[in-house]
Each structure stands twice: as C-alpha cells, then as structure tokens.
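Worksheet: the structure to be examined is printed underneath.
The values are calculated or read from the model by the stated rules, or taken from the named source; none is laboratory data. As the structure is a prediction and not an experimental result, all values here were calculated from the model. FYI the Cβ positions are ideal-geometry reconstructions off the backbone, even for glycines, and counts take in every protein chain you see. Surface accessibility is based on the protein's heavy atoms, side chains included, excluding ligands, DNA and RNA. Shrake-Rupley method; radii C 1.70, N 1.55, O 1.52, S 1.80 Å.
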Amino acid sequence: MARNLTRMAALRYRDFRFLWLGEMVSTTGSQMQLFAINWHVFQLLRGQTFTVNAFGSDIVMGSEAFGLGMLGLVRVIPIVMFALLGGVLADALDRRRVMIWTRVISALIAAVLTYLTLSGQIDVNSIYLLTALGAAATALDSPARQSIVANLVKPRHLANAISLNTLIFQIATICGPALAGLLVAQFNIGLVYGINTATFVVAIIAIGLIRHRGKIKTAANIGWRALIDGIRFTFSTRIIMGTMLLDFFATLFASARTMLPIVAGDILGVGAAGYGLLATAQPIGALLVGLVMSLRSEMKRQGLILLLSVAVYGLATAIFGISTSFALSYFMFALTGAGDTVSMVIRGTIRQLMTPDELRGRMVSVNMMFFMGGPQLGELEAGLVASLFGAPFAIFSGGVATVLLTAWVAWRYPSIRRYNNADDLKAKRR
C-alpha cells in the first residue's frame, strides 16, 4: 500500500489535494445533472415526430433523437464563442479566482434549473438555454483549471497528477449516472439539479483553501495579440496539433453516449434504471485502466500506444452500435472508456510538458475547441444520423470512421508514432 501511495505522488501536495477533492465532488454532481438532462429531454420529447421535406420527399424523423442531438449543438456554440477568451483569462489573471467565479455562475445556473423543474415550469427550450449558459461557464473555467495543475505539483509528478485528474472524471461518471438513475426513478428530477448546485458550493470552498494564487511569471495581456500568440504556438507545434486532431475525430464520430437513452430504452429495453447501469460501463472501464496507469511506472512508446488506444475506442464503439445483448453492449462500452483514458492521459501529458507556463491557458483553450467541441458536434451528428437511419447505424458508422481517421493521423503526423515518453522533448517541434 505504501508503494502505491508513493506512486500517487501528486496527492502529497496540499493544494493539489484540495483541488482534486473539490473537483471530485463537483464533477460527480455535474455528471448527475448531465444524465438527468439527457433523460429529461428524452422523456419530454418521447414519441413525438416531425417531418422534413428533402429532395421532394417527406422524411419522418424522431424528435427524441434529434432533441438529444440538439443538446450537443447548444453546448458547442458557447464553447466556440468563449473557449479562447477563457484561455486568455487563464494566462492573464489569477487562475484560482477565475475558477471560483465560474463555479459561482455554474451554481446559479443549476439553481435556476432546480427551481424551474420543481415548480413545473420547465420545458425543452429552457433546458437548452440553461445548458448553453452552463457550457459557456465551463469554457471560461477549463483553461484555468487545467493550467493550474502544473503550478501545484513538480514537473516530474505532472503525469501522475493528470492521471489522477482523469480518475476524477471516470469515478464521477460511474457514481453520477448511477445515483441520478436511482433518484430519477424515485423522485422529481429536480432533486438531481439541486444536488449539483450543492456540489458547486463544495468546489468553491475547496478552491478557496488553495494557497497558490495561480499567478505566472510572465502574464499575458488581455487582447487580440495574446490570443493570436496562443493560437500560433498551438498550431505550429505539430505533435500537439496532431493529438488535438486525433481527439477531435474520435469524439466527433464515436460519441455513442448521447444515444444511450435510445439504446437503453428502445433497443435493449432496460428503462431508466438500465440506462443508469449502462452509463456506468464506460467510466468503469476507464477507472480500471486509470488506476493501473496511476500506479505503474513511466510507460514507453507512448505515441504508438496513443494511436492504438484510439483505434480500440473506435472499434469497440462500432461493435456497441450493432449489439442487441446488454452484456456485450456493457463490455464494449467499457472498452471505449479504457481506450479513451489511455489516450487522454498521454495527450494531456504531452501538451502540458511541451507548453510554456505563460501559454498553457491559451493552449488549453485551443484544445477545448477540439476535445469539447468534438463531443458536442458528435452529439449533433449522431442525433441527425440516428433520426434518419436509426441509432445502431449512427453509432456503428461513427466507430468505423474513427478507426479510419486514426490511421490517417498516424500517417500524417509521424512525430506521434515516434514519440517515446514524456521526457522525449526532442519531438516537440517535429
């Protein structure tokens, strides 16, 4: 046990512990709300259809599939609008203070969602609006949150810190949907939104206890020049750009999570409780792999492992799309989580180590356009394809496309294939 704790070296840092624990609580609440919103929209629109005239023919489309896809659109637009601004703020201001204020905004949004739901005044348009506002707050917050990690631990423990942060998301996506599924089945869905409000308060307190103020040696000015400098650096560093494209393609075409309500409710026929259980598969696979990565020593051939993990993610998604067995669907969805976690840790380590501290916030903000924009556009793409051809085809075709695009990235960016480990800084400008 002592050896394992030693390997989780990042938790020895006081400030990182507060950040980690606060984010664990807050992310669990956010995952509960994400589950609840998807199920809420699915229930509000279930059974409804609408007709679109295309090429002289009327096409009947399912409102619930399209409505779930629209959640992706309302999330991605604020990300595109505010992510780059969030990066500039993270490099120009106190990162800790930026994180506190964005969580205050998120707590207020969750509180409004709670009130409207419990009072019976909620509708789909209100959910879309509040979801968009929450996405804007996240876009402003993420660059500061991700950039501050490198300020809280020593460089040699950064990969461990990123692995532990990855575990936050995976644990939260296990506990969040499971808890939300139980609560939604027994109580008003507004209770889930209320719990999420409380978790943001916990996160605010935890961040307030951090001593480090997030100040960097050479702060950027807030303006167009600072924004352009960050974009120029990110796009000119080929290995960073290659990892971002890999992330974008995978999440754009293999985002099966949006279709889970349809898979659980209509294809597998397991209802809300089964939906909550199925939603835990991906994070359980991710958690198991994440624990192994956080406890083991430095891996070699990270570039090749990165490419293989994304290919596994795409292949498992394709099989998940055509499965009619709950057991097989659960296993394949868990395998997507395992592949995604391996690639996420490697990508994050490469980017953080290869970016100067004064540019980290802006690099992260550009990356947000890929790693957050991809899933949200993927939700829209999956919703549109599923409404026309069915959810199984949408998921299967997305998985196949991911495998093919991974092969293209491997060919187009040889620096990724050659990348060995986090100390191989010679690959930085290849």
Give the range 320-333 a look and list any residue that's part of a helix (DSSP H, G or I) and open to solvent by 20 Å² or more (accessible area, probe 1.4 Å), or say none.
-> Ile322, Phe326, Ala327, Leu328, Tyr330, Phe331, Met332
Within the range 189-233, restricting attention to residues that are outside any helix (DSSP H, G or I), of a type in the set (Lys, Arg) and modelled with pLDDT under 70, which residue is most open to solvent (accessible area, probe 1.4 Å)?
-> Lys217
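Rundown of residues vs (1) over 19 Å from Ile174 (Cβ atoms); (2) at pLDDT 75 or above; (3) touching a Pro at 6+ places or on another chain (Cβ under 7 Å); (4) open to solvent by 60 Å² or more (accessible area, probe 1.4 Å), yes/no style:
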{"residue": "Phe16", "(1), (2), (3), (4)": "yes, yes, no, no"}
{"residue": "Ser26", "(1), (2), (3), (4)": "no, yes, no, no"}
{"residue": "His40", "(1), (2), (3), (4)": "yes, yes, no, no"}
{"residue": "Val52", "(1), (2), (3), (4)": "yes, no, no, no"}
Total residues in the range 71-86, condition within 21 Å of Asn151 (Cβ to Cβ) and either open to solvent by less than 10 Å² (accessible area, probe 1.4 Å) or outside any helix (DSSP H, G or I) (or both) = 2
Output for the range 266-296, where each listed residue is within 17 Å of His40 (Cβ to Cβ) and either of a type in the set (Lys, Arg) or modelled with pLDDT under 75 (or both) = Gly271, Ala272, Ala273, Gly276
Quick count over the range 349-373, residues being crowded, with 24+ Cβ neighbours inside 10 Å and at pLDDT 70 or above, is 2
Go through the range 96-133 and give me each residue that's crowded, with 19+ Cβ neighbours inside 10 Å and free of Cβ contacts under 8 Å to residues at least 60 places away in the same chain.
-> Thr102, Ile109, Leu130, Ala132
Filter the range 148-188 for residues that are open to solvent by 20 Å² or more (accessible area, probe 1.4 Å) and in contact with a Pro (Cβ under 9 Å, 6 or more places away or on another chain) and give the result.
-> Phe169, Ile171, Ile174, Cys175
Expected output for the range 302-323 (first residue free of Cβ contacts under 8 Å to residues at least 40 places away in the same chain, partner among the small types (Gly, Ala, Ser) and assigned to a helix (DSSP H, G or I), Cβ below 6 Å, 6+ apart or cross-chain) is Ser309/Gly339; Ser309/Ser343; Val312/Gly339; Ser323/Ser329
Can you name the number of the only condition in (1) surrounded by fewer than 23 Cβ atoms within 10 Å (Cβ to Cβ); (2) modelled with pLDDT of 80 or more; (3) part of a helix (DSSP H, G or I) that Gly339 fails?
-> (1)
Odd one out for Asn420 among (1) modelled with pLDDT under 65; (2) surrounded by fewer than 20 Cβ atoms within 10 Å (Cβ to Cβ); (3) among the polar types (S, T, N, Q) | (1)
Can Thr317 be described as at pLDDT 85 or above, part of a helix (DSSP H, G or I), polar (S, T, N, Q) and open to solvent by less than 40 Å² (accessible area, probe 1.4 Å)?
-> yes
Would the range 87-95 turn up any residue that is in a helix (DSSP H, G or I), surrounded by fewer than 22 Cβ atoms within 10 Å (Cβ to Cβ) and either within 19 Å of the chain's Cα centre (by Cα) or aliphatic (A, V, I, L, M) (or both)?
-> yes
Of the residues in the range 260-275, those that are more than 22 Å from the chain's Cα centre (by Cα) and assigned to a helix (DSSP H, G or I) come to Gly265, Asp266, Ile267, Gly271, Ala272, Ala273, Gly274
For Ala137, indicate whether it is closer than 24 Å to Thr258 by Cβ, at pLDDT 85 or above and open to solvent by less than 40 Å² (accessible area, probe 1.4 Å).
-> yes
